[in-house]
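Peer 1: Structure in structure tokens, see below.
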């Protein structure tokens, strides 16, 4: 792979963002008078194919051309993300750099940083002098995307709106005369009842309290349970109010969590296929009425509709945050990490006017006009109004490209109650979505919060070892007695260099003023 070289940006580039500091309307007016739009290509991947209209019918593109003077050219890729990576790699290898790239994955961004073809942004995006609609990019957020020298190479998108949760069969609770669980002990009792007390009334012992895809034993399906015991949703390290480092996979809190899960597995409350399940299999089991508690991002409406084909009385609701030894657990993760990074490449290192335009675009997309257009589109085609108020979003191929157009993550107004009501007009679904949005965790891991960077030299091997041991502990293949736990801890700290990993973290946290 070619190693790209670049010099320090000229001082003229540092002043290129001045227009963004003005009022948005003024910036848009000046851009519209600039003459011929500036063409800029953005390479990006989207998880599903979108129907982008022809340029002359693309209201978003036409607005960006008119108001910002930018002829935005998207190189959309959909399908498998690995195919996009291969395509991008081929372009870079052929010295065919796009001018901008939207990274949706931190690993891809880190690799690009190391390869050296991204433009440094420290001089044009300073934490104390950001454009008005980019002020969410705190120094902690910029730290999460900076390299070991403190250089960041992109415009961070807004942090994601986290709407992960466990969902529970309320009709099963009602049939067994159980109340909604609010503590880890109550949740254990409910899971065991779901597995042993015939909640579907078919006279067979063919149900489980909980199931998930166990390929990552500290992934999202387990966050609510993990945070109830360890504090942080990922079971990772966090800093408490006293400035002490807490949590981590060799802590007593983590061991307590594993004991809890082992007891559930031993009692038959958890699906024994946990380790081999994939997401499709878990979805199938939920739809067939085999599991009482499962994870989903957003309310699982499609799953519930399929569930009702077999059991019209099926009722699924959000499982509220559970209180455990670490306090009230969150369904989600507190984070300062961005929901994507818009990076400019060294192709623009001598074109400060284009750098300026991309910052203007990012600012506009986070402003009132841009966010509204990317959320609702235009009346008649993408939404309907009643008495001047948007009351219905018209889903379909004419609207599916709107969210894909945004290179700054989900617009802030997407979580406002009046907006949620447009996308979730059904009162029940609206209630469930607002509960998901309202879940605001108090604790965040040190890496997600931008307090320290994970020592990559040791991280992969440590993560693999912890995941392997979690499965062994939960399934009971290795006992959780003192002897086995001490052996696990020693192996983590010595063989897999966990002590060096911790020492580096502590040094960085101390230097950044978080440890006392």
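Peer 1: For segment 423-439, name all the residues that are buried (at least 19 other Cβ atoms within 10 Å of the Cβ) and part of a helix (DSSP H, G or I).
Peer 2: 432, 433, 436
Peer 1: Another question, then. Has segment 366-374 got at least one residue that is assigned to a loop (DSSP other than H, G, I, E, B) and loosely packed, with under 14 Cβ neighbours inside 10 Å?
Peer 2: No: zero hits.
Conditions tested, residue by residue: (1) modelled with pLDDT under 95; (2) farther than 13 Å from residue 474 by Cβ.
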{"residue": "185", "(1), (2)": "no, yes"}
{"residue": "194", "(1), (2)": "no, yes"}
{"residue": "231", "(1), (2)": "yes, yes"}
{"residue": "234", "(1), (2)": "yes, yes"}
{"residue": "241", "(1), (2)": "yes, yes"}
{"residue": "246", "(1), (2)": "no, yes"}
{"residue": "270", "(1), (2)": "no, no"}
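Peer 1: Would you check which residues across segment 240-263 are more than 14 Å from residue 485 (Cβ to Cβ) and crowded, with 22+ Cβ neighbours inside 10 Å and list them?
Peer 2: At the first step, the residues of segment 240-263 found to be more than 14 Å from residue 485 (Cβ to Cβ) are 240-247, 260-261, 263.
Those that are more than 14 Å from residue 485 (Cβ to Cβ) and crowded, with 22+ Cβ neighbours inside 10 Å: 247, 261.
Peer 1: Considering every residue within segment 465-486, establish whether at least one is at pLDDT 95 or above, surrounded by 15 or more Cβ atoms within 10 Å (Cβ to Cβ), over 20 Å from residue 263 (Cα atoms) and in contact with a strand residue (DSSP E or B) (Cβ under 9 Å, 6 or more places away or on another chain).
Peer 2: no
Peer 1: For segment 160-168, does any single residue satisfy the condition of being under 25 Å from residue 514 (Cα atoms), surrounded by fewer than 20 Cβ atoms within 10 Å (Cβ to Cβ) and out of contact with any helix residue (DSSP H, G or I) (no Cβ under 7 Å at 6 or more places or on another chain)?
Peer 2: Checked segment 160-168: at least one residue is under 25 Å from residue 514 (Cα atoms), surrounded by fewer than 20 Cβ atoms within 10 Å (Cβ to Cβ) and out of contact with any helix residue (DSSP H, G or I) (no Cβ under 7 Å at 6 or more places or on another chain).
Peer 1: Given 91, 85, which one is without any contact (Cβ under 8 Å) to a residue 60 or more places away in the chain and under 26 Å from the mean Cα position of the chain (by Cα)?
Peer 2: Step by step, each of 91, 85 is checked, and only 85 is without any contact (Cβ under 8 Å) to a residue 60 or more places away in the chain and under 26 Å from the mean Cα position of the chain (by Cα).
Peer 1: From (1) in contact (Cβ under 8 Å) with a residue 60 or more places away in the chain; (2) on the phi < 0 side of the Ramachandran plot, pick out the condition that doesn't hold for residue 176.
Peer 2: That leaves (1) as the condition not met.
Peer 1: Just one of (1) out of contact with any strand residue (DSSP E or B) (no Cβ under 7 Å at 6 or more places or on another chain); (2) farther than 30 Å from residue 186 by Cβ; (3) not assigned by TED's automatic domain parsing to the domain that holds residue 117 trips up residue 366, so point out which.
Peer 2: Checking residue 366 against (1) out of contact with any strand residue (DSSP E or B) (no Cβ under 7 Å at 6 or more places or on another chain); (2) farther than 30 Å from residue 186 by Cβ; (3) not assigned by TED's automatic domain parsing to the domain that holds residue 117, the one that fails is (3).
Peer 1: Just checking, which of 112, 75 is in contact with a strand residue (DSSP E or B) (Cβ under 9 Å, 6 or more places away or on another chain) and farther than 24 Å from residue 49 by Cβ?
Peer 2: Working: 75 fails: farther than 24 Å from residue 49 by Cβ.
Exactly one of 112, 75 is in contact with a strand residue (DSSP E or B) (Cβ under 9 Å, 6 or more places away or on another chain) and farther than 24 Å from residue 49 by Cβ, namely 112.
Peer 1: What is the number of the single condition among (1) out of contact with any strand residue (DSSP E or B) (no Cβ under 7 Å at 6 or more places or on another chain); (2) closer than 23 Å to residue 361 by Cα; (3) at pLDDT 90 or above that residue 94 does not meet?
Peer 2: (2)
Peer 1: Would you tally the residues in segment 338-355 being surrounded by fewer than 22 Cβ atoms within 10 Å (Cβ to Cβ) and outside any strand (DSSP E or B)?
Peer 2: 10
Peer 1: Still on this model: Just give me the residues in segment 240-281 being within 30 Å of residue 503 (Cβ to Cβ) and assigned to a loop (DSSP other than H, G, I, E, B), in sequence order.
Peer 2: The answer is 240, 241, 242, 243, 244, 248, 249, 250, 251.
Peer 1: Going residue by residue through segment 206-220, is there one that turns out to be closer than 29 Å to residue 510 by Cβ and in contact with a helix residue (DSSP H, G or I) (Cβ under 9 Å, 6 or more places away or on another chain)?
Peer 2: Going residue by residue through segment 206-220, those that are closer than 29 Å to residue 510 by Cβ are 218.
Now drop any that are not in contact with a helix residue (DSSP H, G or I) (Cβ under 9 Å, 6 or more places away or on another chain), which leaves 218.
Yes; the residues of segment 206-220 include at least one that is closer than 29 Å to residue 510 by Cβ and in contact with a helix residue (DSSP H, G or I) (Cβ under 9 Å, 6 or more places away or on another chain).
The values are calculated or read from the model by the stated rules, or taken from the named source; none is laboratory data. For clarity, every value in this text was computed on a predicted model and none was experimentally measured. Backbone-built Cβ (ideal geometry, glycine too); neighbour counts: all protein chains shown.
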